[in-house]
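J.: Quick one: this structure, given as structure tokens, is what I'll be asking you about.
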Amino acid sequence: MRVLLDTSVVIALAQERVEIPDPSTEAAISVMTLCELHHGVLIASDEIRPGRLRGLDWARHYLEALPADDRVAPAFGQLMAEARRLTGSRPRVGDALIAATAMAHRLPILARDRDFEAFQGVEVVFV
């Protein structure tokens with residue numbers, strides 16, 4: 001089975017606070033997760049930065065980053081429009097890009113929070 005990891009799961013895996021339920025699972029990330037990890041390193045205090053940098057290095061070494069390409073773009077537009085119609089509010093762009101990547105590649109998202117509930121048609125598995 002192949003899955004797309006949410007940023008919170010990548011951080012928890014890098015810190016060994018969570019495990020993927022099935023060890024044979026092949027995991028990937030959205031390029032948006034890679035962007036969020038880079039951002040996290042740059043805004044971290046000197047005290048926290050080394051741990052975040054280790055997490056970023058871990059993700060870059062062990063996970064494939066799927067691009068936001070012409071397959072992801074229409075899924076992003078669809079998810080943003082549907083979520084806005086259903087909830088009346090605009091979802092976070094980062095979450096929508098991660099969800100659109102999952103939709104375009106037909107992958108479930110492994111997540112630790114409820115950020116993806118606004119997106120119809122995206123399978124979310126909580127760890």
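J.: Quick one: count up the residues across segment 33-69 that are assigned to a loop (DSSP other than H, G, I, E, B) and in contact with a helix residue (DSSP H, G or I) (Cβ under 6 Å, 6 or more places away or on another chain).
T.: Count: 3.
So that you can scan it fast, the table gives a plain yes or no per residue for (1) hydroxyl-bearing (S, T, Y); (2) over 24 Å from I11 (Cα atoms):
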| site | (1), (2) |
| --- | --- |
| A68 | no, no |
| A73 | no, yes |
| Q78 | no, yes |
| T87 | yes, yes |
| G94 | no, no |
| A104 | no, no |
| A111 | no, no |
| E117 | no, no |
| V122 | no, no |
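J.: Across segment 68-127, what is the number of residues that are surrounded by fewer than 16 Cβ atoms within 10 Å (Cβ to Cβ) and in contact with an Asp or Glu (Cβ under 6 Å, 6 or more places away or on another chain)?
T.: So the answer is 2.
J.: Restricted to segment 88-103, and to residues that are of a type outside the set (A, V, I, L, M) and over 14 Å from E36 (Cα atoms), which residue is farthest from the chain's Cα centre (by Cα)?
T.: We begin by selecting, within segment 88-103, every residue of a type outside the set (A, V, I, L, M); these are 88-92, 94-95, 101.
Remaining after also requiring over 14 Å from E36 (Cα atoms): 88-91, 101.
Values: G88: 23, S89: 21, R90: 18, P91: 14, T101: 9 Å.
Result: G88.
J.: Considering only segment 21-41, state which residues are β-branched (V, I, T) and either under 14 Å from the mean Cα position of the chain (by Cα) or at pLDDT 95 or above (or both). Steps first, please.
T.: Just the residues of segment 21-41 that are β-branched (V, I, T), to begin with: 25, 29, 31, 33, 41.
If the condition is that a residue be β-branched (V, I, T) and either under 14 Å from the mean Cα position of the chain (by Cα) or at pLDDT 95 or above (or both), then I29, V31, T33, V41 are the ones that fit.
J.: For segment 34-55: of the residues being touching a residue at least 24 places away in the same chain (Cβ under 8 Å) and touching a Leu at 6+ places or on another chain (Cβ under 7 Å), which is surrounded by the fewest Cβ atoms within 10 Å (Cβ to Cβ)?
T.: For segment 34-55, the residue satisfying everything is G55.
Residue-by-condition table, conditions (1) within 17 Å of R2 (Cα to Cα); (2) at pLDDT 95 or above; (3) in contact with a Ser or Thr (Cβ under 8 Å, 6 or more places away or on another chain); (4) β-branched (V, I, T):
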{"residue": "L56", "(1), (2), (3), (4)": "no, yes, no, no"}
{"residue": "A59", "(1), (2), (3), (4)": "yes, yes, yes, no"}
{"residue": "Q78", "(1), (2), (3), (4)": "no, yes, no, no"}
{"residue": "R84", "(1), (2), (3), (4)": "no, no, no, no"}
{"residue": "P91", "(1), (2), (3), (4)": "no, no, no, no"}
{"residue": "L97", "(1), (2), (3), (4)": "no, yes, yes, no"}
{"residue": "H105", "(1), (2), (3), (4)": "yes, yes, no, no"}
{"residue": "E117", "(1), (2), (3), (4)": "no, no, no, no"}
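J.: A follow-up question, please. Within segment 58-67, take every residue that is surrounded by fewer than 16 Cβ atoms within 10 Å (Cβ to Cβ) and of a type outside the set (S, T, Y) and give me the one that is farthest from Q120 (Cα to Cα). So that I can check it myself, show each step before the final result.
T.: At the first step, the residues of segment 58-67 found to be surrounded by fewer than 16 Cβ atoms within 10 Å (Cβ to Cβ) are 60-62, 64, 67.
This time we only want the ones that are of a type outside the set (S, T, Y), so: 60-61, 64, 67.
Numbers: R60: 29, H61: 31, E64: 25, P67: 21 Å.
Across segment 58-67, the extreme among qualifying residues is H61.
J.: Counting only residues that are outside any loop (DSSP other than H, G, I, E, B) and in contact with an Asp or Glu (Cβ under 7 Å, 6 or more places away or on another chain), which one in segment 1-32 is nearest to R114 (Cα to Cα)? Before you say what the answer is, go through the steps one by one.
T.: Pass one, segment 1-32, residues outside any loop (DSSP other than H, G, I, E, B): 2-5, 7-14, 26-32.
Still in the list and also in contact with an Asp or Glu (Cβ under 7 Å, 6 or more places away or on another chain): 2, 7-8, 28.
Numbers: R2: 21, T7: 13, S8: 11, A28: 19 Å.
Selected residue: S8.
J.: If S45 meets every condition in (1) at pLDDT 95 or above; (2) in contact with a strand residue (DSSP E or B) (Cβ under 7 Å, 6 or more places away or on another chain); (3) hydroxyl-bearing (S, T, Y) apart from one, which number is that one?
T.: (2)
The values are calculated or read from the model by the stated rules, or taken from the named source; none is laboratory data. Everything numeric here is computed off the predicted structure, so don't read it as measured data. Ideal geometry is used to build each Cβ from the backbone, glycine not excepted, and the neighbour counts take in all protein chains shown.
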